[in-house]
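For reference, the structure is listed below as structure tokens.
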Amino acid sequence: MGLPLENKRAVVTGAGSGLGKAIAIALSRAGADVAVQDLNPDGADATTKELLAEGARAFSLSGSVANATDVARIFSEIDQRWSGIDILVNNAGINMNKPTLELDPEEWRRAMTVNLDGTFYCAREAAFRMKVRASGSIVNISSIYGLVAAPNRAAYCASKAGVAMLTKSLAVEWAELGIRVNAVSPGYSLTPAVHALAEQGRLDIDALTRRTPQKRLAEPAEIADAVLYLCEQRSQHITGQVLAVDGGWTAYGYI
């Protein structure tokens, strides 16, 4: 029996580090060819080198998902390598943690442009290619803060909630094209970025751990496993869903 994603072609945005890197590794180990995209070309190249060292088939791409012209170019470059796309994981995104009265319009716009517009631009380009074969899986990365609110995160919460609703809308529209669209909403996970924020005193891992019903934060590979499931054949009847992978965070309403 072959690997579950054998001969599938997957694009992962924001895959130069953190969750995106973990997702690229998971898809590759499941047999997929992986196009590794990141705004930072060095990050994309580093992830690609790791995949190639494992014997995977991968190549790197750089550009901004927030720029529609860049996105069109990125997918044009993919066309030069592949004859189609089977999987897209829209992972690229930014945080925006700031009191709303201190949030200027440019910061608001940037959160929306990267997190929401970028997801739309990439999903649309992928769908043009997926509809040719009447098959494809798109997984968008939202957040627990697209499902529940938190202070000092108005732009982030709004953009990630937009990703969740965009997921549902595209799922019902594109179902007749054979394209499934789902989202994963991660809770806090032990990425290098989270560790860096903790070292800067901007985030308290112990407090977050206490707040999580399972009393631990996720490993990046656990988020990647959820994404992998939504890309596989065994999830063929699942579309339009937003799956929280958060150790119970969003279910826990008791203070």
message: List residues of the stretch 62-95, by number, whose backbone nitrogen lies under 15 Å from a label position 7 Å along Cα→C-beta of residue 124.
response: 65-76
- prompt: Can you list the aspartates and glutamates whose alpha carbon sits under 18 Å from that of residue 49, skipping same-chain ones fewer than 8 residues off?
  reply: 33, 38
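If you take the beta carbon distance between residue 210 and residue 79 as r and set R0 to 35 Å, what does 1/(1 + (r/R0)^6) give as a FRET efficiency, to the nearest 0.05? If you can, show how the numbers build up before the last one.
Values: r = 49 Å, r/R0 = 1.39.
My answer for the efficiency is 0.10.
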- prompt: For the residue pair residue 250 and residue 232, what label-to-label distance in nm results when each label sits 7 Å from Cα along the Cα-to-beta-carbon direction?
  reply: 2.2
query: Can you give the accessible area of residue 109 in Å² (nearest 10), computed on protein heavy atoms with a 1.4 Å probe?
result: 110
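Could you do me a favour and compute the accessible area per residue for the chain, 1.4 Å probe, result in Å²? Mind dumping the intermediate values first?
Values: 12140 Å² over 255 residues.
Averaged over the residues of the chain, the accessible area is 48 Å².
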- prompt: residue 206: accessible area at probe 1.4 Å, nearest 10 Å²?
  reply: 100
field: Inverse of mean 1/r across different Cα pairs in the stretch 9-106, Kirkwood, Å
entry: 13.9
- request: For every helix of n ≥ 4 consecutive DSSP H residues, a contribution of -39,500 (n - 2.57) applies; sum these over the chain, divide by its total residues, and give [θ] at 222 nm rounded to the nearest 500 deg cm²/dmol.
  value: -13500 deg cm²/dmol
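Leaving out ligands, DNA and RNA, and with a 1.4 Å probe, what % of the accessible surface on the stretch 110-255 is carbon or sulfur? Show your work: numbers first, answer last.
Working: 3850 of 6980 Å².
Here it works out to 55 percent.
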- prompt: The list [x] 18.3; [y] 20.5; [z] 19.1 gives values of Kirkwood radius over Cα pairs in Å, and only one came from this structure; which label was calculated from it?
  reply: [x]
field: Degrees, to the nearest 10: 118-133 long Cα axis against longest axis of the chain
entry: 30
- prompt: Between 132, 12, 245, which gets the highest mean-square fluctuation from a Gaussian network model of the chain, Cα cutoff 10 Å?
  reply: 132
field: Alpha-carbon radius of gyration plus Dmax, which is the widest Cα pair, for the stretch 114-231 in Å
entry: 16.2, 49
field: For residue 172, solvent-accessible area (1.4 Å; no DNA, RNA or ligand), Å²
entry: 120
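Within 10 Å, at most 13 other Cβ atoms, and a DSSP state outside H, G, I, E, B define an exposed site. Report the longest part of the chain free of exposed GluC sites (Glu not before Pro). Don't jump to the answer; show the numbers that get you there.
Details: sites that count: 6, 54.
The reported range is 55-255.
The values are calculated or read from the model by the stated rules, or taken from the named source; none is laboratory data. Just so it is clear, the structure is predicted and the values come from calculations on it, not from any experiment. We place every Cβ from the backbone using ideal geometry, glycine too, and count neighbours over all the protein chains shown. In case anyone asks, the SASA skips ligands and DNA or RNA and just uses the protein heavy atoms, side chains included. Shrake-Rupley method; radii C 1.70, N 1.55, O 1.52, S 1.80 Å.
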